[in-house]
1. For segment 32-76, which trypsin sites (Lys or Arg not before Pro) are in a loop by DSSP, counting at most 11 other Cβ atoms within 10 Å?
2. For Glu43 and Asn251 in the same chain, what is the full-extension length gain: residue separation times 0.36 nm, less their Cα-Cα distance, in nm?
3. Residue by residue through segment 355-372, what is 3J(HN,Hα) from phi via Karplus (6.51 cos²θ - 1.76 cosθ + 1.60, θ = phi - 60°)? Round to whole Hz and write x for glycine and proline.
4. Segment 65-142 to segment 385-416: how many Å between their Cα centroids?
5. Please give, to one decimal in nm, the separation of the simple spin-label points placed at Lys407 and Met305, each 7 Å out from Cα toward the Cβ.
6. I want to check the label-to-label distance for Asn327 and Arg623. Put each point 7 Å from Cα in the C-beta direction and report it in nm to one decimal.
7. How long are the three semi-axes of the equivalent ellipsoid for the chain, computed from the Cα gyration tensor as the root of 5 times each eigenvalue, in whole Å, largest first?
8. Could you give each residue of segment 266-278 its phi-based ³J(HN,Hα) in whole Hz, using Karplus coefficients 6.51, -1.76, 1.60 with θ = phi - 60°, and x for Gly or Pro?
Amino acid sequence: MFLLTALIATPVLSAKDKDTKKNDHYLASGPIKLDKDGEKWAEKTLKKMSLEEKVGQMFMVWARVTFTNFDSQQYKDLRDTMSKYHVGGFGVTVPVETGLLIRNEPYEAAMLLNQLQRDSDLPLLMAADFERGLSMRLYGGTVFPHAMAFGAAGKPEYAEAFGRITGEESRAIGIHWNWFPDVDVNSNPANPIINTRAFSGNPQQVGQLASAYIKGAHESGMLTTAKHFPGHGDTATDSHLGMASVSGDINRLNSVEFPPFQAAINAGVDSVMVAHLTIPAIDPDPNHVASTSPAVVTDLLKKKMGFNGLVVTDALDMNGLMRIYSNMPVPSAGAAVAAIKAGNDMILIPHDLGGAIQGIVDAVKKGEIPQSQIDASVLKILKAKASLGLNKARLVDPMQVGYQVAKPDNVAMGQQIADAAVTLVRDNQQVLPLQPVAAGTNPAANPYTQVQGVANKTVVVIFADDVRSEWGRAFTIAFKKRNPEAHILMVDEDIARGMAPDVMKAVAQAQKVVAAVYVIPTAGKVMTNAQGQIVNSVSLGEESAALMHNILQTAGPRTMMIAMGNPYVASEFPEVQNYLCTFSNATVSEVSAVKALFGEIPITGHLPVNIPGIAEQGAGIQRTK
């Protein structure tokens, strides 16, 4: 009887169930270290691989985090791509719908990445664009502000904590490699794609903060990336949309663009991402962008600057690169072959994966690319995997996600950094501090029928890129907690003209006005300029800007303008009398802005960039709590 009961109670594993148990021991994260066993594994693995398998390891494609049934076609497509093309890993992101990120949860990410690891013959290298930590793509992670906020706060220890915490949380969900830090020097106020993604407009400060971030990330076992080589800060074009160019001479490059990259290399950065932009002072060939230029990748980065780590391209599907190869039979093949010939080790996100891989395989067979070069690059990739311990285990323990992600102390650190970044640039002493207003003394007994009244004593106008987005939500909640009667209006470019009469009526009656302007760099944001060209921009749209000018004309002395992102936006409004910067639209920065408005925190930040016509780098009016 006992035997029969035991047999009934013991589940029978199907072939699929048995397969999922393969390699089901968990990888413990720790400092990056390549030991002798790892080196032997990398060398032994390389010898067993076919040319097609080797070339496949040099590519990464997207894996979008969403709940996915492992028998669904969506997952099968990922698995089949991995199996057919032998990709070296995945770039982990989330779906995008009508320009809005559809973020998901850390647990979903961990489960998806674990299953991909189970279904892969070789361990996969998982990477992500976590420029602001996990919260950039996933709900639930520690929230950090944009990089420029770290420049305003001015403390390298904050950058080090940023790297350490992001590394801990990334490794907990199965991501090993962050495409960060951004070591561009944002010296061009019109830069539509770098802007607040850069730490500063000062090369030395960028290098210092990047080095601190790398140190922290390595402590928690995360690979790092210095981007966008040889420097994307002095450009006015989004390379997702068009051809960007760095026009400085060699003296300018040596004094501004290159030093932060050299600092990152000296700090032990694991990879360098090469941009799709022209740099005539180094390579005058108009058909070469940096990522396809041997002069940039091999001669400058590897030989002159002494970088021996992984060299990776920016996403191969960007228009700045692909328009050069648009007339070729297989554009992705032409671009991929040129990138490998230039000296890149890995290629990210090709539009046509199969065509790109076949192009490189054919080039090797024809003798255009030496087999030894492919072997050297793949050995680097395998050693990178071994340095993470992926040769011994590849899965993460889902039960640890709830312990490692968003620890209370780490969440508090993210808020502390955002608080320290708040910078007061102009102040006529007629607005700050705002006074809190107590809630009504006789609220309705039923919370579901309570109606909150508003008044025009304090008016808040939130200029969002899209009123459907999350921008301004945390700001609104934080503000309403302190002043439930505040009249808060939200506008975007599509509705600014229609809402202008209501906004201006409220502003005219207001004792104090807050105008929170949300303008941040957004990759591939399509706009059309006066010449009919497709461009990107970090400026307010025409209708929104007209409304902002109207507010300042009507109520300038009693209006506080807040840059919830791009600090340069004030250059369009030289009449502004009160100006506050957070350098970020992250929720922690929204809360910091409100705390600063109500005098709950000291204002101690300093401008990390020059704002033409407004203030110089280093400016910052200090205010006590």
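1. Within segment 32-76, no trypsin sites (Lys or Arg not before Pro) qualify (loop, at most 11 other Cβ atoms within 10 Å).
2. Gain in length upon complete extension: 70.7 nm.
3. Along segment 355-372, the couplings run x, 5, 5, 5, x, 6, 4, 5, 5, 5, 5, 7, x, 6, 10, x, 4, 4 Hz.
4. Going from one Cα centre to the other spans 16 Å.
5. Placing both labels 7 Å along Cα→Cβ, they lie 3.3 nm apart.
6. It works out to 5.8 nm between the two label points.
7. Values: eigenvalues 380, 195, 94 Å².
So the three semi-axes of the chain are 44, 31, 22 Å.
8. Running phi through 6.51 cos²θ - 1.76 cosθ + 1.60 with θ = phi - 60° gives 5, 7, x, 4, 7, 8, 10, 9, 9, 7, 9, 9, 8 Hz.
Values in this text are rule-based calculations from the coordinates and carry no lab data. The model shown is predicted, which means the values in this text are computed figures rather than measured ones. Quick reminder, even Gly has a Cβ in these numbers, built from the backbone with ideal geometry, and neighbours come from all protein chains shown.
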